[in-house]
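Reviewing the structure listed below.
The values are calculated or read from the model by the stated rules, or taken from the named source; none is laboratory data. Note that the structure is a prediction, hence the values are computed from the model and not measured. Cβ placement follows ideal geometry from the backbone for every residue including glycine, while neighbour counts extend to all protein chains displayed. With ligands, DNA and RNA removed, areas are computed over all heavy atoms of the protein, side chains included. Shrake-Rupley method; radii C 1.70, N 1.55, O 1.52, S 1.80 Å.
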Amino acid sequence: MPEARISSGRLSKVRRFVRVKGPLRIAALTAGTALSLLLLLLSAVLLTLRLQSLPASSAAQVSQIYDASGRLIDSFHAGQSRESVPLSRISPYLIDATLAIEDRRFYEHGGFDLRSMARAALVNLESGRARQGASTITQQLARNLYLTHERTWKRKLREAAYTVQLEMNLSKEEILGQYFNQIYYGHGAYGIEKAAKMYYGKHASELTLAESAMLAGVPKGPKYYSPYMNMDNALRRQRLILAAMQTSGAITPEQAAAARAEKLAFKPLQPAGSGDGAPYFRDYVRQTAVDELGLDEHLISEGGVRIYTTLDPAMQKEAEAAVKAAIPSTSEQQAALVAIEPETGYIRAMVGGRDYRKGPFNRALARRQPGSSFKPILYLTALQNGMTPVSPFKSAPTIFSYDGGRKTYSPRNYHDRYTGKDISMRDAIASSDNTYAVNTIMQVGAEKVVDAARQLGFDGDMQPVPSLALGTYPASPLEMASAFSALAAGGMRAEPTAILRIEDSKGEVLYRAEPHRTRVAGAAHAYVLTSLMESVFETGGTGSRVSAMIHRPVAGKTGTTSDDAWLVGYTPELATAVWTGYDKGRRITTAEAHRAAPIFAAFTEHALAGRPARPFTVPDGVLSVAVDTASGLRYGPGCGGWRMELFVAGTEPVGTCDGSRAAADEAAAGAGAGAADEQPGRGGWLKGISRWLRR
């Protein structure tokens, strides 16, 4: 009996084992069958890919840019800038540099670097955005040869298939050779031979280590790493590549140090398109399409797209002519100009420098200290916070305390010129008095000025400190023109727009601009400020030397620092920012500081030639009041000199300088013109009538 019980227990365990083992065996059989089918399917796919021939490479198509009238500005064709050379005629330094930065496991993987893909996925997951890619050289070649650059899953699957086919049908050397003859090096150059000639004027076989490390960094992002576009970025990436080459053992530490110290000589850049029309604007359009609209750079370069822009060809011609005429050909001084249509935000003209062939650096987008040309933003803030055109401050050397009394600031006027007495906001704008400006920002609050600047489109770093009043924080000509265009449009800001529409090669619309306007200032405040800025072009104003060149209502503000000179202004139809100066490390002379104003005046007058002069539209809520020039109070029979002044309704002075109630009532009723007629012998009456009639 004991033996029977033992046998029964063992039998029970066997039965339990069988009950457990059965499902495991079934699962194992199922998994094995699925794996076998998967391997069979994969083998069939690989065999199919092996037997299929690779498709013909996708032909690059002409991409074109049109102006606002529909006329061709420029066109791009990749095939016009490609020269093929065998791998044996490419510098070994360039090959090693490219492998080190683009695909260091190129000879180890079969087209896909799983290790790099996992590392990139981890980096992107940690950062919450796509910061790192993992495309191998073979993947990049497949994309460049056979596919468009649309970002879809279908395209990615086809890219994977072509990558496998390339690895099956070509040797690693053949893949690498085709890659170097296809890759884009910026500025219309496809392939390393064309790039070597464009950048250095030599063959690809002759590239030095330093030159190779520089060029190998460009394909990652030509507009970021091209030495023509951003030398600092290009040098940082060159150093990164040299370090990667040293780590991989391709070069020694001594070679890396020598390459870092080598001074490279670049050839002057030729325009990348078929012509040289508006080259800085053309580059800005491409940059906007890629950075802001999300289009692939290769699609813009070779995808046959058509880009319709806001450029006015006649205005662009006048802008280039004005810059050329104002600066002697022997001078190295640079200039930039941006003109914007206030009602729409359309960029009608853009000049980024005097000679694109010497470098495509677009100074219209570069931030420089605007100096006193920033003051209208300050005074707009002041008008919106209770100050008026007659608010007085003393023009005299002043020490201002801020940050709880821990810091001081002592602004100085140009050539230390002060009146030594109270002046009005109109006087301060016309003469660009710095003491008045800092008094204003201290009263209004620097934080409010920063907020107003942000609403007007300024993106740069601005700290709420007293020196902000004098334009010490950098801004670009594009930002300045956009901000002033909002003043010209009565406080309505339209986003700067360069691209109206983009169509693909089939005529399908990829992008269409949608007008976007925002109220950033009250119409009455903008109009009163415009009136104040008109004084800049009157006798005694900082822009008076060019006033005779402009035969229409115009408002603006000059700005001068030790390195920069500006004139930013507008008519009802056009807002224009002009900057002149040197790129770096050189101050401007007094004569050079006076070149921005003539450029502005000549461009404005010629760009609007043939159009009738339009006055600035007077909005509701603006009063014209006769004021005493000495006190800023209402004018009365017992006062001295007078002038007509504009006020936002509710901010006009209440009392008269002589206490006469009748005169106060008359002025309150808007009888400013009557006051002018009744006082023909008073000082300043011609100036008062002149300004009033132009309203």
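Name the residues in region 301-331 that are within 18 Å of the chain's Cα centre (by Cα) and among the aliphatic types (A, V, I, L, M), would you?
Leu311
Conditions tested, residue by residue: (1) under 29 Å from Thr589 (Cβ atoms); (2) touching a Pro at 6+ places or on another chain (Cβ under 6 Å); (3) not charged (D, E, K, R).
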site: Phe374; (1), (2), (3): yes, no, yes
site: Leu378; (1), (2), (3): yes, no, yes
site: Gly386; (1), (2), (3): no, no, yes
site: Tyr402; (1), (2), (3): no, yes, yes
site: Arg406; (1), (2), (3): no, no, no
site: Tyr414; (1), (2), (3): yes, no, yes
site: Ser431; (1), (2), (3): yes, no, yes
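Quick check on Gln316: is it open to solvent by less than 50 Å² (accessible area, probe 1.4 Å), modelled with pLDDT of 95 or more and in a helix (DSSP H, G or I)?
Taking the combined requirement at face value, the residue satisfies it.
Would you point out the residue of region 465-524, among those that are of a type in the set (Lys, Arg), within 15 Å of Glu343 (Cβ to Cβ) and modelled with pLDDT of 95 or more, that is farthest from the chain's Cα centre (by Cα)?
Arg519
I'm trying to understand the selection: among the residues of region 594-653, which are crowded, with 18+ Cβ neighbours inside 10 Å, of a type in the set (Ser, Thr, Tyr) and under 23 Å from Tyr570 (Cβ atoms)?
If the condition is that a residue be crowded, with 18+ Cβ neighbours inside 10 Å, of a type in the set (Ser, Thr, Tyr) and under 23 Å from Tyr570 (Cβ atoms), then Thr604, Ser624 are the ones that fit.
Among the residues in region 271-294, are any within 20 Å of Leu215 (Cβ to Cβ), in a loop (DSSP other than H, G, I, E, B) and more than 23 Å from the chain's Cα centre (by Cα)?
no
Given the conditions (1) at pLDDT below 90; (2) open to solvent by less than 30 Å² (accessible area, probe 1.4 Å); (3) among the polar types (S, T, N, Q), report the number of the one that Ser91 does not fulfil.
Condition (1) is where Ser91 drops out.
If you go through region 169-188, how many residues are touching a Lys or Arg at 6+ places or on another chain (Cβ under 8 Å) and assigned to a loop (DSSP other than H, G, I, E, B)?
Of the residues in that region, 2 qualify.
Would you check which residues across region 235-247 are within 13 Å of Ser212 (Cβ to Cβ) and hydrophobic (A, V, I, L, M, F, W, C) and list them?
The answer is Ile241, Leu242, Ala244, Met245.
Please work out if Thr309 is β-branched (Val, Ile, Thr), surrounded by fewer than 21 Cβ atoms within 10 Å (Cβ to Cβ) and either closer than 30 Å to Arg517 by Cα or touching a residue at least 40 places away in the same chain (Cβ under 8 Å) (or both).
Considered against the rule, which asks whether it is β-branched (Val, Ile, Thr), surrounded by fewer than 21 Cβ atoms within 10 Å (Cβ to Cβ) and either closer than 30 Å to Arg517 by Cα or touching a residue at least 40 places away in the same chain (Cβ under 8 Å) (or both), Thr309 comes out as no.
From (1) over 19 Å from Thr560 (Cα atoms); (2) open to solvent by less than 60 Å² (accessible area, probe 1.4 Å); (3) not acidic (Asp, Glu), pick out the condition that doesn't hold for Ser401.
(2)
Do you know which residues across region 357-398 are of a type in the set (Gly, Ala, Ser), over 14 Å from Asp433 (Cβ atoms) and either open to solvent by 80 Å² or more (accessible area, probe 1.4 Å) or touching a strand residue (DSSP E or B) at 6+ places or on another chain (Cβ under 7 Å) (or both)?
Kept after step one, since they are of a type in the set (Gly, Ala, Ser), are these residues of region 357-398: 359, 364, 366, 371-373, 382, 386, 391, 395-396.
Those still in the list that are over 14 Å from Asp433 (Cβ atoms) too: 359, 364, 366, 373, 386.
Within region 357-398, Ala364, Ser373 meet the criteria.
How many of the residues in region 389-431 are part of a loop (DSSP other than H, G, I, E, B) and either more than 17 Å from Gly445 (Cβ to Cβ) or modelled with pLDDT under 95 (or both)?
The qualifying residues number 22.
With the condition being touching a helix residue (DSSP H, G or I) at 6+ places or on another chain (Cβ under 9 Å) and open to solvent by 20 Å² or more (accessible area, probe 1.4 Å), I'd like the strands (runs of 3 or more DSSP E) fully within region 462-572 carrying at least 1 qualifying residues.
Of the strands (runs of 3 or more DSSP E) lying wholly inside region 462-572, those with at least 1 residues that are touching a helix residue (DSSP H, G or I) at 6+ places or on another chain (Cβ under 9 Å) and open to solvent by 20 Å² or more (accessible area, probe 1.4 Å) span 492-494, 509-512, 517-519, 555-560.
Scan region 127-156 residue by residue and report those that are modelled with pLDDT of 80 or more and either surrounded by fewer than 19 Cβ atoms within 10 Å (Cβ to Cβ) or polar (S, T, N, Q) (or both). First the steps, then the outcome.
Here is the first cut: in region 127-156, the residues modelled with pLDDT of 80 or more are 135-143.
If the condition is that a residue be modelled with pLDDT of 80 or more and either surrounded by fewer than 19 Cβ atoms within 10 Å (Cβ to Cβ) or polar (S, T, N, Q) (or both), then Ser135, Thr136, Thr138, Gln139, Gln140 are the ones that fit.
Within region 248-267, track down each residue that is polar (S, T, N, Q) and modelled with pLDDT of 95 or more. Walk me through how you get there before you give the answer.
Residues of region 248-267 polar (S, T, N, Q): 248, 252, 255.
Across region 248-267, the qualifying residues are Thr252, Gln255.
Cβ-Cβ below 9 Å, separation at least six or inter-chain, first residue in region 413-427 and more than 21 Å from Met644 (Cα to Cα), second of a type in the set (Val, Ile, Thr) and assigned to a loop (DSSP other than H, G, I, E, B): which pairs?
Tyr414/Thr542
Sort out which residues of region 268-285 are modelled with pLDDT of 90 or more and over 18 Å from Arg512 (Cβ atoms), and write them in order of number.
Listed by number, the residues that qualify are Ala278, Pro279, Tyr280, Phe281, Arg282, Asp283, Tyr284.
One residue is enough: does region 615-628 have a residue meeting the conditions among the small types (Gly, Ala, Ser), modelled with pLDDT of 95 or more and within 26 Å of Arg354 (Cβ to Cβ)?
The answer is no, given that none of the residues of region 615-628 is among the small types (Gly, Ala, Ser), modelled with pLDDT of 95 or more and within 26 Å of Arg354 (Cβ to Cβ).
For Val438, are the conditions met, namely being β-branched (Val, Ile, Thr), surrounded by 21 or more Cβ atoms within 10 Å (Cβ to Cβ) and over 27 Å from Pro342 (Cβ atoms)?
When the stated conditions are applied, Val438 passes them.
Just name the residue that is modelled with the lowest pLDDT out of those in region 188-210 that are at positive phi and open to solvent by less than 30 Å² (accessible area, probe 1.4 Å).
Gly188
Can you name the residue in region 211-231 that is in a helix (DSSP H, G or I) and hydrophobic (A, V, I, L, M, F, W, C) and is also farthest from Ser63 (Cα to Cα) among such residues?
So in region 211-231, the residues in a helix (DSSP H, G or I) come out as 211-216, 218-220, 222-225, 231.
Right, trim to hydrophobic (A, V, I, L, M, F, W, C) and you get 213-216, 218, 231.
Details: Ala213: 30, Met214: 28, Leu215: 25, Ala216: 26, Val218: 22, Met231: 27 Å.
My answer is Ala213.
How many of the residues making up region 446-460 are part of a loop (DSSP other than H, G, I, E, B), without any contact (Cβ under 8 Å) to a residue 40 or more places away in the chain and touching a Pro at 6+ places or on another chain (Cβ under 8 Å)?
1
If a residue must be crowded, with 18+ Cβ neighbours inside 10 Å, of a type in the set (Gly, Ala, Ser), within 22 Å of Leu215 (Cα to Cα) and at pLDDT 80 or above, how many such residues does region 60-88 contain?
Counting residues in region 60-88 that are crowded, with 18+ Cβ neighbours inside 10 Å, of a type in the set (Gly, Ala, Ser), within 22 Å of Leu215 (Cα to Cα) and at pLDDT 80 or above gives 0.
Can you tell me how many residues within region 197-210 are in contact (Cβ under 8 Å) with a residue 60 or more places away in the chain and either under 21 Å from Gln287 (Cβ atoms) or assigned to a helix (DSSP H, G or I) (or both)?
The total comes to 8.
Under 9 Å between Cβ atoms, at least 6 apart or on separate chains: pull out the pairs that start in region 248-270 with a residue that is within 10 Å of Leu209 (Cβ to Cβ) and end on any residue that is in a loop (DSSP other than H, G, I, E, B) and open to solvent by less than 70 Å² (accessible area, probe 1.4 Å).
Once the first residue is within 10 Å of Leu209 (Cβ to Cβ) and sits in region 248-270, its partners that are in a loop (DSSP other than H, G, I, E, B) and open to solvent by less than 70 Å² (accessible area, probe 1.4 Å) give Ala259/Thr208; Ala259/Ile251; Glu262/Thr208.
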